[in-house]
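To keep things clear, I will list the structure first and then write my remarks on it.
The values are calculated or read from the model by the stated rules, or taken from the named source; none is laboratory data. Just so we're clear, the structure is a prediction, and the values are computed from it rather than from any experiment. SASA here: full protein model, heavy atoms, side chains in, ligands and nucleic acids out. Shrake-Rupley method; radii C 1.70, N 1.55, O 1.52, S 1.80 Å.
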Amino acid sequence: MILFSHLSIAGFTQYKKNAVVAEIAGKSFSFFGLEYERFLTERFRIGTGIGIGSKEQLVYGNGDTFDRYNFSVPVYGVYAWGRKKHHAITEFGFTLRGVTGPETKASFDEFYPYVSYGYEFKSDIFVFRIPVYLCYVGSSDFFPAVIPWLGLSFGVVL
């Protein structure tokens, strides 16, 4: 019994399994986003969050108004190389862009897949990232099909 309990405890790593991350110009395609991540292993985690967008006031033809909020929901995975505090990461996933309409009903109208590669510092209580994102937005007259940008993330490991 003692041998079995020792092998069970030694077989599972004792690391914190959740993180809450604030992001500036990140995967939510907003100026600010807030995400929750679940560590499946020390190297791989999954996450989702919400990006806070803009607020617009729209006016109907009869003069009635309503507030429309733009937001986004990223769904992603993160893979980290290295077991030390400083390591390289890649993020992959998609972001759903949405708006609220009259009577606060939300609808999602855009889907953007992306991938990133960057640097991460992760201690027992803190996470800091600087990734470079590449997002496929489709071809248009104004933007190229793939748009790059730099993000900044920081958070707490729970």
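Here are the numbers:
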{"read-out": "Under the Karplus curve 6.51 cos²θ - 1.76 cosθ + 1.60, θ = phi - 60°, whole-Hz ³J(HN,Hα) for the range 23-39, x wherever Gly or Pro sits", "value": "9, 10, 6, x, 5, 8, 6, 10, 5, 9, x, 10, 10, 10, 10, 10, 7"}
{"read-out": "Global form of the range 72-158, assessed from the alpha-carbon gyration tensor, a/c cut-off 1.5", "value": "oblate"}
{"read-out": "Solvent-accessible heavy-atom area per residue, rounded to whole Å², over the chain at 1.4 Å", "value": "62 Å²"}
{"read-out": "Equivalent-ellipsoid semi-axes of the chain, from the Cα gyration tensor, Å, largest first", "value": "37, 19, 13"}
{"read-out": "Rounded percent of accessible protein surface that carbon and sulfur make up, the chain, 1.4 Å probe", "value": "68 percent"}
{"read-out": "Amide proton proximity set for Gly101, modelled H, under 5 Å, gap of 5+", "value": "Ala106, Ser107"}
{"read-out": "In Hz, Karplus ³J(HN,Hα) per residue of the range 68-79 (6.51, -1.76, 1.60; θ = phi - 60°; x = Gly, Pro)", "value": "10, 10, 9, 8, 8, 10, x, 10, 8, x, 10, 10"}
{"read-out": "Residue-level accessible surface for Phe32, protein heavy atoms, 1.4 Å, Å²", "value": "90 Å²"}
{"read-out": "Theoretical ellipticity at 222 nm over the chain - DSSP helices of four or more residues, -39500 (n - 2.57) apiece, nearest 500", "value": "-2000 deg cm²/dmol"}
{"read-out": "Angle in degrees between helix 2-11 and the longest Cα principal axis of the chain, rounded to the nearest 10", "value": "40 degrees"}
{"read-out": "Listed residues Thr48, Thr100, Thr65, most fluctuating in the chain (Gaussian network, C-alpha, under 10 Å)", "value": "Thr65"}
{"read-out": "Within a Gaussian network of the chain (alpha carbon springs, distance under 10 Å), most fluctuating of Arg68, Arg97, Arg129", "value": "Arg68"}
